[in-house]
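Working notes, structure below.
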Amino acid sequence: MDFLLITDSDALAAYTGRARTATSLCVDTEFMRERTYWPQLALVQVCAEGECAVIDPLAFDAREGLRALLGAPEQIKVFHAAGQDMEVLHHTLGMAPAPVFDTQLAASLLGYGDQIGYGALVEKTLGEVLPKAFSRMDWMARPIDPDALDYAAADVIWLEGAYAKLCEELERLGRSGWLDEDLAAISRPERWVVKPDNAWRKLKGIRKLRPNQRHVAARVCAWRETTALARNLPRRWVLKDDVVLDIARRKPRQTSELQRIRGLEDKAIARDGEAILAAVASDQSWPELDTKDERPLPAEAEPVVDALMALLRQQALSHQMTASAIAGRAELTRLAAGDRDLDLLEGWRARVAGDALVAFLTGGQSLRIAPGTPPTLTTV
């Protein structure tokens, strides 16, 4: 596989000059974050009109050159599942590349399935089966095996063809502009700024706690996030999620009570016990934890959500896409409860399904079984 391995600033500047003439730039990254809070950038792969480069930021200070390469406002940067790539680039470069195109998001609009993997996308669009031998590689180790570099380069070489195919399909179906708002949101810098006060949103199980316990969990999560950031450690290395939940349930007031919490080691208590107790005792609260619940409807209203789910699936089928690409059951439950501040009611999702779902709830639309073999669900 032909590609240019870039290990110095001059070579990167020369490649940037050539790549600048292309209308789009396919981008991928390799990084490691098993032992750190922040992902560590190991490689950046780019492809512009068939010319591929693999940039090694561990061989030289590539930050200025990468900002020049990825910062052209007139050039579309193409990613697959852009989230983690954008996070590591924003942290490393202090900027979020823009504008972007995410092939995973585009594929969801075309019936390829929600959150399709890169290998599956390439196989479906181009008929090429990609190797998986290096998916668990330590990309920070040097030297890099030549076969591993080939593997990394393939991630953007085939991305060009998949991107072109998706654009053709979007154009044919009249959906080219549907993703504009979603794609613009990916590049907003504030999306990649860590806010410890929002860390509770990533804690699975917080809604299962009693309301007063939720606020304790949120305070401990905020402390854990701040601490993990300061130490550049994975948050689970500071406190595991199940320990946070147990602290919220027990509400310890002194060190001896912390020692009764399973999974909280003595060395962690010696180092962080006082800080944890201070977080527990704080009076900081989050109104969202009181006003929003995972089950805002009584059990007898569940059939309404079932009907909304059926209508959503019918609307998705009529547009040749999966229902999960539009909304999930949790969002439909909020819709049935009267919430209208939903992604489902914005942009293309509203046109495809959201407007029809609201009309169904207000009596302006109904469902019926149309005769046929097999019977089909239709709206009237």
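Share of the chain's accessible area from carbon and sulfur, percent, 1.4 Å?
Working: 9600 of 19240 Å².
Carbon and sulfur together cover 50 percent of it.
Once you have the Cα-Cα distance between residue 120 and residue 21, take 0.36 nm times their residue separation minus that, and quote the gain in nm to one decimal. Before the final figure, lay out each step's value.
On the way: separation 99, 0.36 × 99 = 35.64 nm, distance 3.00 nm.
Length difference between fully extended and current span is 32.6 nm.
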Taking a crude spin-label model, label points 7 Å out from Cα along the C-beta direction, the residue 297 to residue 51 distance in nm is 5.6
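For the range 267-351, state which GluC sites (Glu not before Pro) are in a DSSP loop and have at most 13 other beta carbons lying within 10 Å of their beta carbon. Let's see the in-between values first.
Values: sites: 274, 288, 294, 300, 331, 346; in loops: 294, 346.
Here the GluC sites (Glu not before Pro) that fit, given the DSSP loop and packing criteria, are 294, 346.
Looking at the range 1-102, which GluC sites (Glu not before Pro) are DSSP coil and have at most 12 other C-beta atoms within 10 Å of their C-beta? Working shown, then result.
Working: sites: 30, 34, 49, 51, 64, 74, 87; in loops: 34, 49, 74.
Answer in residue order: 34, 74.
Can you tell me, using C-alpha contacts under 8 Å and at least 6 residues apart, the relative contact order of the chain as a whole percent? Please report the intermediate quantities before stating the final value.
Details: 520 pairs, mean separation 51.4, N = 380.
It rounds to 14 percent for the chain.
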Pairwise label distance in nanometres, residue 255 with residue 136, each label 7 Å out on the Cα-Cβ vector: 4.1
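Of 77/124; 77/195; 165/195, which pairs sit farther than 28 Å apart, going by alpha carbon to alpha carbon? Write down the numbers at each step before the final one.
Details: 77/124 22 Å; 77/195 26 Å; 165/195 38 Å.
Over 28 Å apart, Cα to Cα: 165/195.
Please state the relative contact order of the range 96-173 as a whole percent: Cα pairs under 8 Å, 6+ residues apart?
Numbers: 42 pairs, mean separation 25.7, N = 78.
Relative contact order of the range 96-173: 33 percent.
How do 255, 23 rank by accessible surface area computed with a 1.4 Å probe, from largest to smallest?
On the way: 255 50, 23 105 Å².
From most exposed to least exposed: 23, 255.
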Determine which lysines satisfy two conditions relative to residue 267: a Cα distance under 16 Å, and not lying fewer than 8 residues away in the same chain. 240
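The values are calculated or read from the model by the stated rules, or taken from the named source; none is laboratory data. The structure presented is a predicted model; accordingly, all values stated were derived computationally and were not measured. Virtual Cβ from ideal backbone geometry, glycine too; neighbours counted across all protein chains shown. Protein only, heavy atoms only, side chains kept; ligands, DNA and RNA dropped before computing areas. Shrake-Rupley method; radii C 1.70, N 1.55, O 1.52, S 1.80 Å.
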